[in-house]
Structure formats: structure tokens, C-alpha cells
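To start, the structure under review is shown below, and the notes come after it.
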Amino acid sequence: MNICIVCGARPNFIKVAPVIRAIASAKAQGHNIDYRLVYTGSADDPTVEPSIFADLQIAKPDEYLGVTCSNLNELTGQVMSKFELYLQTHPTDTVIVVDDLASTMATAIVAKKQGVRLAHIAAGTRSFDISMPKEINRLVIDGLSDILFTAGISNNSIANREGAELSKVYMVGNVLIDNLRFFATHRGQPSQASLPIDLPERYFVFTLNRKLLIADRPKLRSLLEAIVAHAGDVPVYAPLHGLAREAVSECLSALGGNHSFHLIDPVPYLAFENMLRRAAGIITDSGNVAEEATFYQVPCITLNSYTEHIETVKVGTNVLVGEDAERLASEVTRMVSGQWKEAGIPDRWDGRSAERIVQILMEHE
């Protein structure tokens with residue numbers, strides 16, 4: 001079985017790394033299975049630090065499509081054209097895509113047009129807001145996929161409700177957590193990764209990714225003001241780059257300089273996990289970070305009105321505040337006081353999701 005694993009952005013590498021390791025393990029056990037890793041971006045992409053592949057214990061991509069444009073429609077077209085050429089020159093039985101990027105949708109469309117089996121990791125996630133480009137991507141990718149791998153029962157329900165056959169949908173668990181379990185078992189906790197700064201015993205971590213929130217300066221400024229006003233003596237560290245760093249810096253300048261909110265340079269993957277694991281609290285707009293916070297059992301506030309994995313709220317440490325500054329202030333106050341809700345680890349966050357994925361792929365050969 002020749003598998004092509006497609007990544008369209010840095011977070012995708014983190015999610016497919018356990019699958020790559022599981023394929024390598026199956027191959028070492030004598031199974032006729034192999035993979036090639038394709039990145040739709042360029043080899044010198046500044047958002048993908050070179051150390052991430054060593055951190056994840058996987059090889060660098062076998063192929064770079066080199067698509068770097070920012071316009072989503074143009075990007076979709078370029079990825080489709082280049083990935084079609086890739087499939088025509090590389091025998092492929094199965095294409096694995098992950099998440100909901102425009103590049104993910106583009107490769108999914110090409111795979112099906114070429115008659116190649118398509119498997120989607122992190123299927124069944126929905127915001128139910130069709131005005132979001134990613135929501136359209138999710139609908140297309142799930143609709144085309146031959147196999148849908150979901151992280152939780154709620155994702156299964158969404159996929160089934162939208163017409164996916166039961167035989168196509170598999171709840172394998174959260175593949176993102178496989179990495180954290182792997183590190184704990186094979187190379188000690190990420191705590192062994194050194195940090196570029198000396199962190200105090202108690203601190204919060206802040207991350208920001210959503211383009212709409214980054215662009216809405218008044219909204220972002222009100223949220224940052226709520227954090228600064230209610231974090232008290234607990235310092236907040238924000239490893240940001242690019243437009244997110246520029247936006248936060250601008251908003252903090254408007255608030256004045258007397259606060260404990262610190263912008264720091266982005267840190268490598270394992271060092272970032274170290275920061276999350278040791279934090280007293282996390283404030284983020286990232287679903288991935290909220291999932292990691294739940295695994296580490298660290299209180300987490302998400303600056304969004306929904307989450308792709310509701311288990312982080314129902315079972316885990318996550319609380320949704322949307323973009324409501326008053327709710328954010330209230331939750332930050334609770335976080336500072338240490339009065340957080342009781343939480344646990346969701347079902348099938350056991351570090352074996354990738355094993356299940358590879359086993360299912362081999363059974364469907």
C-alpha cells in the first residue's frame with residue numbers, strides 16, 4: 001500500500017507525525033505499507049521551524065509543491081494543478097489529508113478525480129457557520145472522503161447526520177494527543193526541552209491565530225485589556241510572530257506600558273509543549289492548544305464561541321468565552337484564583353489513535 005500524506009501548514013505535521021510513526025512500525029513488522037509526505041508549501045517556509053521534524057521524530061517531506069500565495073482561490077487552483085501532476089507521477093493507493101485548509105480541500109478533490117482512495121483525519125468538525133471558508137472546506141472534504149477518522153463521538157454524530165455511511169466513519173480518538181503520550185513514554189516529558197527565557201513558577205500562556213480577530217483591532221484591544229486588568233501579578237507570555245505579534249503589540253501600546261503581558265519570539269514545538277504543561281492557565285483561540293491544555297489538565301480559556309472538539313469543554317479544562325471581554329475578565333479572575341472546574345481526559349485520548357488509523361487502512365486495502 002502506497003500512502004500519500006498531505007500537509008498544508010505547520011499544525012498538520014504535528015497531527016500526521018503519529019501516523020507516520022505507526023506506518024513505519026507496521027512496515028518494520030513486515031506489512032506491505034509505505035508512505036510519502038507531501039507539503040503544499042515551500043521548503044523554506046518561515047512558519048515551519050526546521051527543528052520540528054526532529055522534535056516529532058519524522059523525516060522532512062519527500063515533496064514540496066511550492067505553493068505560497070495568500071489568495072485562497074488562487075492557492076486552491078495551484079495546489080490542484082501541482083498535486084494532480086504528483087499523483088500522475090507517483091503511484092498512490094491512498095491519500096491522507098488532515099483538518100480543513102484550502103490546500104486540504106484542493107488535494108482531496110484531485111485525489112477523488114484521480115480515483116484514489118481518500119482518508120480524512122479530524123473529520124466531522126463543524127462550526128455551523130457557512131460564512132467561514134474552513135466550514136466549506138470541511139463539508140467538501142468529508143463529502144468526498146472514503147474513510148472518515150474522527151476524534152470523538154460528537155464528530156461521529158455530525159458525519160452520520162450529514163449522510164456519511166456508518167461503515168465509512170471511525171472514531172479513532174485524538175491523534176494530536178498521540179504525540180504527547182509518545183514523548184512521555186519514549187523520551188521523557190517535553191519538560192526536557194529548554195526554553196529561550198526563564199519562566200517564573202506561575203504564569204499564563206496566550207496564543208492568537210484567527211485572522212478575523214487579528215484584523216479587528218478594537219475587539220482585540222478590549223480582550224487584551226480584560227486580560228491585563230484581571231491577570232493581576234501573574235505574568236502572561238505570548239509567543240507570537242507575524243501579523244498576530246504586530247496586532248497584539250499595537251493594542252498593548254494603546255493600553256500603556258504598565259502591565260505584565262510579555263511578547264516573546266515563537267518557540268520550537270517541544271519547548272512550546274513545555275510552556276503549556278507548566279502553565280497556570282492558557283488563553284487561546286486555537287482548538288489544538290485547547291486540546292493540549294485538556295491533556296495537561298491546565299485551565300484554558302478559548303476566545304471563540306465554538307470548538308471543533310466539544311469534549312474539551314464537556315470533559316476537559318476548556319471554557320468558551322467567544323469574543324466577550326466581560327466573560328473573559330470573569331474567567332481570567334477565576335483562573336488567577338485557582339478556582340477552576342473539575343476535568344478529566346476524554347475517551348480514546350490514549351495515544352493509540354494512529355495505530356487504529358493504520359490498522360483500519362490495512363484492513364480496507
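Here are a few things to note about the model shown:
- Over 30 Å apart at the Cα level, from the set LYS27/LYS211; LYS60/LYS219; LYS15/LYS113; LYS27/LYS82; LYS60/LYS112, are LYS27/LYS211; LYS60/LYS219.
- Couplings 3J(HN,Hα) of the range 135-152, computed from phi: 5, 5, 4, 4, 4, 5, 4, 5, x, 8, 5, 7, 9, 10, 9, 10, 8, x Hz, in residue order, whole Hz [Karplus 6.51 cos²θ - 1.76 cosθ + 1.60, θ = phi - 60°; x for Gly and Pro].
- Rounded, prolate or oblate (a/c below 1.5 giving rounded, otherwise prolate when a/b exceeds b/c) for the range 38-136 by Cα gyration tensor: rounded
- Candidates LEU328, LEU320, LEU255, ranked by Gaussian network fluctuation over the chain, Cα under 10 Å, top entry: LEU255
- With R₀ set to 51 Å, the beta-carbon distance separating ALA254 from SER42 gives a calculated FRET efficiency near 0.90.
- Carbon + sulfur, % of accessible area of the chain - ligands and nucleic acids excluded, 1.4 Å: 50 percent
- The range 320-365: trypsin sites (Lys or Arg not before Pro) in DSSP coil with no more than 14 other Cβ atoms inside 10 Å: LYS341
- Looking at the chain, the accessible area is 43 square angstrom per residue; that uses a 1.4 Å probe and ignores ligands, DNA and RNA.
- The trypsin sites (Lys or Arg not before Pro) of the range 70-166 include none that meets both conditions, a loop assignment by DSSP and at most 14 other Cβ atoms within 10 Å of the site Cβ.
- Label zone at ASN32, where the point sits 7 Å out along the Cα-to-Cβ direction: the range 321-365 residues whose backbone N lies under 13 Å: 365
- Mean ellipticity per residue at 222 nm, deg cm²/dmol - from DSSP H runs of n ≥ 4 across the chain, formula -39500 (n - 2.57): -14000 deg cm²/dmol
- Percent of C-alpha pairs per 20 Å bin, the chain, short to long: 29, 59, 12, 0
- Sorting the segments 285-291, 48-54 by their residues' average number of neighbouring beta-carbon atoms within 10 angstrom, most packed first, yields 285-291, 48-54.
- Whole-Hz couplings from phi, Karplus 6.51/-1.76/1.60, listed for the range 278-295; x for Gly and Pro: 8, 5, 7, x, 10, 10, 8, 10, 9, x, 4, 5, 5, 5, 5, 4, 5, 4
- Three-way shape call for the range 36-89 based on the alpha-carbon gyration tensor, with the a/c threshold at 1.5: oblate
- The value of relative contact order for the chain, using C-alpha pairs under 8 Å at least six residues apart, is 15 percent.
- Put a dot 7 Å past the Cα of SER167, heading toward its Cβ, do the same for GLU74, and the two dots end up 4.5 nm apart.
- Candidates GLY163, GLY232, GLY152: whichever shows maximal mean-square fluctuation once the chain is modelled as a Gaussian network with Cα springs under 10 Å: GLY163
- Most mobile of ILE136, ILE121, ILE177 in a GNM of the chain (Cα contacts under 10 Å): ILE136
The values are calculated or read from the model by the stated rules, or taken from the named source; none is laboratory data. This structure is a prediction, so every number in the text was calculated from the model and none was measured. Every residue, glycine as well, gets a Cβ built from its backbone with ideal geometry; the counts of neighbours run over all protein chains shown. In case anyone asks, the SASA skips ligands and DNA or RNA and just uses the protein heavy atoms, side chains included. Shrake-Rupley method; radii C 1.70, N 1.55, O 1.52, S 1.80 Å.
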